[in-house]
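The numbers here are math on the coordinates, done by the rules we state, and not lab data. Because the structure is a prediction, the values reported are computed rather than measured. All Cβ positions, even for glycine, are placed from backbone atoms using ideal geometry, and neighbour counts span all protein chains on display.
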Amino acid sequence: MDKEILELMQTKIAYLERANVELSDVVFRQHQELQALATQMRALAERLVAGQSADRARAPEEERPPHY
């Protein structure tokens, strides 16, 4: 095998390895963001369900003033 071809192949492999690591990092960060968003969505859904429940008594600070 020619020395130039071998060097070219090694260079391409090095670029591919770096790209692979960068993509892996991006996927990991996106996974973390998705988990955080899912947690927030669950919390909001729970608040929505709790807010729609008629059984819940409102605290005085949650009551609307009579002029509304």
Problem - Neighbour net charge for Met41 - beta-carbon separation under 13 angstrom, K R +1, D E -1 - result: 0
Fill in the blank from the handout: Residue-normalised 222 nm signal for the chain, counting each DSSP H run of n ≥ 4 as -39,500 (n - 2.57), nearest 500 deg cm²/dmol, is -27500 deg cm²/dmol
Completion exercise
The helix 3-52 Cα axis meets the longest alpha-carbon principal axis of the chain at an angle in degrees, between 0 and 90 and rounded to 10, of 10
Exercise for the section: Give me the number: length gained by fully extending Gln52 to Ala38, i.e. 0.36 nm times residue separation minus the C-alpha to C-alpha distance, one decimal in nm. Expected result: 2.9 nm
Practice task
Can you tell me how much longer the chain between Glu7 and Val21 gets when fully stretched, taken as 0.36 nm per residue apart minus their C-alpha distance, in nm with one decimal?
Solution key: 2.9 nm
